[in-house]
Amino acid sequence: MKKALLFSVIVVLAALFFIFDLHHFFTLESLKGSLAQFEAWRNESPLLTAGAFFGVYVVVTALSLPGAAILTLAGGALFGLATGLLLVSFASSIGALLAFLVSRYLLQDMVQKRFGSRLSTLNEGIERDGAFYLFTLRLVPIFPFFLVNLLMGLTRIKATQFYWVSQIGMLAGTVVYVNAGTQLANIDSLSGILSPALLFSFALLGVFPLIGKKIATFFQKRRVYANWNKPSSFDRNLIVIGAGAGGLVSSYIAAAVKAKVTLVEAHKMGGDCLNFGCVPSKALIKSAKLAHTIQHAEKYGLESSTPQFSFRAVMKRIHDVIRAIEPHDSVERYTDLGVDVKQGYAKMLDPWTVEITNNEGNVERLTARSIVIATGARPFVPPLPGLDTTGYVTSDTLWDEFAKRDEVPKRLIVLGGGPIGCELSQSFARLGSQVTQVERGERILPREDHEVASLVAHSMTNDGVQILTQHNAIRCEVVNDEKRLIVEHNGIELPIAFDELLIAVGRQPRLTGYGLEELGIDTNRTVTTNEYLETLYPNIYAVGDVAGPYQFTHTAAHQAWYAAVNALFGQFKRFKADYRVIPWTTFTDPEIARVGLSEAEAAEQGIEVEVTRYQLDDLDRAITESETDGFVKVLTEPGKDKILGVCIAGSHAGDLLPEFVLAMKHGLGLNKILGTIHAYPTWAEANKYAAGEWKRAHAPQTILNWLEKYHAWRRS
Ligand SMILES: Cc1cc2nc3c(=O)[nH]c(=O)nc-3n(C[C@H](O)[C@H](O)[C@H](O)COP(=O)(O)OP(=O)(O)OC[C@H]3O[C@@H](n4cnc5c(N)ncnc54)[C@H](O)[C@@H]3O)c2cc1C
């Protein structure tokens, strides 16, 4: 009841402020126009005028009304620098405190109750660093002050702490504004406007946010490094931990610009992608696709047959493929490029020192001005009871474990309906395994649009995969020598017998054992970084799977560029990692290639889009190859050809996508794609025809009607 009353009073006061147009008094013109009157009042009764000014300032700030900046200038203009500063500093801090208390009284309980779990990290941060955050926000006015007052009221920061940090933090900005106000009083002629003192004061207003930011950064750096002794010189410019896509590209860039760089790898050069991820999985997909083609050869006028093969030979080919690509990522290649490669386990001892323990147990310590963490991720294995008894494989172990087999596993369970689970399920089914894919969610490929996931599910089912969605794996057991996975579906437990269990339920970043904990580097599923990819310590960067938000080879490489350049040249210019146009492909059959918004995401975010589709069964090349399933779907801004997102489903989708990626990256619309010659008969023509569909839907009907009349007239 009391809350409702207070809320109503605030709303009424704020409404009156706008209804009576009071905000017009809080403009520079109005201030200049009334200054003479205010000065007369001040000369007549200085204390009363100062008191009234103080009161108005407190009320305006407490009610979060616009006008504090003009009032601050007025303070300088009327009372001079010292008195103006005194009045404004206390009035603004008291007003801010009142706004803070009102927000806390009205909303804090509700917000903390409702979003408590999600706010826990923020609350912990505020408890630990609240004063510093607030100080930074006050010093660097990137957020309006009234918003800071209101939002801080919702956190658990103490009111007294809020008051004094606000007063100190706002002091520098207040000085700059009050000082500018004192100059405002002097503008009484054209020469006054151009006086150096005035120009300087107003220039200060402009550069203050930058100076504030620099000061805040300086304090922040001093704070995080306070407990560590910085070496007086460094052995290296850069040390990179992990030689997967992220680490290789970071060290490559550093060496290319002649920096002294050490790359440390504990296991295999090339990381996940080469050894356990993209490369072996795509090699497997190729063999599986060939087997599938042989089984369906009648589609091409040949005789279908059951492919005869040794699974051992298929696995051997996969390892041959890895070996063929290995030299690209090898120690020798990177040494030739100028990278100092060390095989061993790296651990950060302080923000500049890395300890490397090689396989023989020898330990070496190196210092570097900057460090890039590129330690990747590993498969997540859910803690299912009985897993140890039945055994299982993951994408890390599958390639070596299955290489020992002559035959594909007869009954294979794939746990997980994400891209990796789908690619592997389909491949093993095509090679002859009886595959059951178990997914807890409502459908496979949850990141893709419904129709896309259905298309893939349909194709996989045709290949023999039994897809069980909304089935939750709860335990494993062995009964009469038979391994079983017990799943729960609609409250009922069901056993599924298997020979091999492949777990593919996601990959968790490596976050322990190499110094993150000791250095206090924040992690929240991934290593926390800012947009420059800096961790808590601005000289330590994180890229790739360990940093997120994506888990792709190309995003790891993309981030690596930013991290390496920022690490080596950040003192001159830093670059924010750019995630605006990120493509990805799922290599199922049909392939799914995506960039930008999907239809579901557009709907979720309330973004209006136009959807244009082109079905591949209309494409000559697709018809010649009897691969007509799929489509190109383009999302554009309504009425414009600006591309907001693309999804291609079908053969070669991943290779068709880059034309759209290029267009989105460089702001080219569908008209430009339509105006580009595409060789006939290629798959890429599908992109042009999709653009053509869009054009047809936007044909200028009125002009076409007139043209029809014009041609009719010409014929008459
Ligand atoms: C089956 C599968 C298929 C995939 N298919 C694709 C695909 O088609 N396309 C795609 O873009 N992505 C794909 N991925 C994902 C891709 O493999 C990863 O996104 C990519 O490898 C991430 O690179 P990274 O550099 O972040 O980490 P990683 O490649 O994981 O490299 C990290 C390296 O750091 C090393 N390391 C860790 N800690 C230390 C330490 N303390 N000291 C020294 N070294 C350390 C590790 O040994 C590892 O070699 C696939 C992944 C899997 C599992």
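Only the coordinates and a few stated rules stand behind these numbers; no lab work does. Bear in mind the structure is a predicted one, so any value in this text is a computation, not a measurement. Cβ: placed from backbone, ideal geometry, glycine included. Neighbour counts: every protein chain shown.
Helix 419-430 versus the longest principal axis of the chain: what angle, 0 to 90°, nearest 10, using Cα atoms?
10
Starting from 0.36 nm per residue, how many nanometres of slack lie between Asn480 and Asn359 once their C-alpha separation is accounted for?
Details: separation 121, 0.36 × 121 = 43.56 nm, distance 4.27 nm.
Stretched out fully, the Asn480 to Asn359 stretch lengthens by 39.3 nm.
For the chain, what is the percent of antiparallel DSSP beta bridges, rounded to the nearest 5?
Of all bridge pairs located within the chain, approximately 65 percent are antiparallel.
Taking other Cβ within 10 Å of each residue's Cβ, how do Phe18, Phe100, Phe7 sort, fewest first?
Phe18, Phe7, Phe100
By how many nm would the segment from Asn705 to Leu151 grow when fully extended, if each residue of separation counts as 0.36 nm and the alpha-carbon distance is taken off?
Length gained between Asn705 and Leu151: 193.6 nm.
Can you tell me the alpha carbon radius of gyration of region 215-327 divided by the globular rule-of-thumb value 2.2 N^0.38 Å?
Against the compact-globule rule of thumb, the ratio is 1.82.
Return the FRET efficiency for the residue pair Val381, Ala36: r is the Cβ-Cβ distance, R0 is 56 Å, and the value is rounded to the nearest 0.05.
0.10
Points 7 angstrom from Cα along the Cβ direction at Glu407 and Phe309: gap in nanometres?
Reported label-point gap for Glu407 and Phe309 is 1.7 nm.
Measure of size requested: the Rg and Dmax of region 616-716, with Cα atoms as the atom set and Å as the unit; please supply both.
Considering region 616-716 through its Cα atoms, Rg and Dmax are 16.1, 52 Å.
Using a simple spin-label model with points 7 Å from Cα along the Cα→Cβ vector, what separation in nm is obtained for Arg223 and Ala697?
Each label point is offset 7 Å from its Cα along the Cβ direction, giving 5.0 nm.
Would you calculate a helix-derived [θ] at 222 nm for the chain, using -39,500 (n - 2.57) for each DSSP H run of n ≥ 4 and dividing by the full residue count, to the nearest 500?
Value at 222 nm, helices only: -16000 deg cm²/dmol.
Work out the FRET efficiency for Leu290 and Asp620 from their Cβ-Cβ distance, taking R0 = 22 Å, and round it to the nearest 0.05.
On the way: r = 24 Å, r/R0 = 1.11.
E between Leu290 and Asp620, to the nearest 0.05, is 0.35.
How large is the dipole of the chain about the Cα centre if only Lys and Arg carry +1 and Asp and Glu carry -1, each at its Cβ, rounded to the nearest 20 debye? Don't skip to the end; give the middle numbers.
On the way: 68 positive and 71 negative charges, 428 e Å.
Result for the chain is approximately 2060 debye, rounded to the nearest 20.
At what distance in nm do the modelled label points of Thr27 and Lys113 sit from each other, each positioned 7 Å from its Cα along Cα→Cβ?
In this crude label model, Thr27 to Lys113 measures out at 4.4 nm.
In Å, what Rg and Dmax follow from the Cα atoms of the chain?
Every Cα atom of the chain included, Rg and Dmax give 32.7, 108 Å.
Within the set Lys633/Lys672; Lys316/Lys342; Lys289/Lys410, which residue pairs have Cα atoms separated by over 21 Å?
The pairs that break the limit, which is 21 Å between Cα atoms, are Lys316/Lys342.
Using r as the Cβ-Cβ distance of Lys158 and Ile19, and R0 as 41 Å, what FRET efficiency do you calculate, to the nearest 0.05? Each step should come with its number before you reach the end.
Working: r = 37 Å, r/R0 = 0.90.
Calculated value: 0.65.
Contact order normalised by length for region 279-397, with contacts defined as Cα pairs under 8 Å and 6 or more residues apart; what percent is it?
13
Evaluate the relative contact order of the chain (contact order divided by residue number), counting alpha-carbon pairs under 8 angstrom at least 6 apart; express in whole percent.
Relative CO of the chain lands at 9 percent.
Give me the angle, in degrees from 0 to 90, between the Cα long axis of helix 68-103 and the longest principal axis of the Cα atoms of the chain, rounded to the nearest 10.
The answer is roughly 50 degrees.
Which of the aspartates and glutamates could be linked to Lys695 by a straight reach, that is with a Cα gap under 18 Å, when you skip same-chain ones fewer than 8 residues away?
Correct list for Lys695: Glu610, Asp618, Glu637, Asp641, Glu659, Glu685.
Rg over Rh of region 419-473, using C-alpha atoms and the Kirkwood radius, what does it come to?
Ratio value, two decimals: 0.94.
Restricting to Cα pairs below 8 Å that are 6+ residues apart, what does the relative contact order work out to for region 362-462? Please round to a whole percent.
Reported relative contact order: 19 percent.
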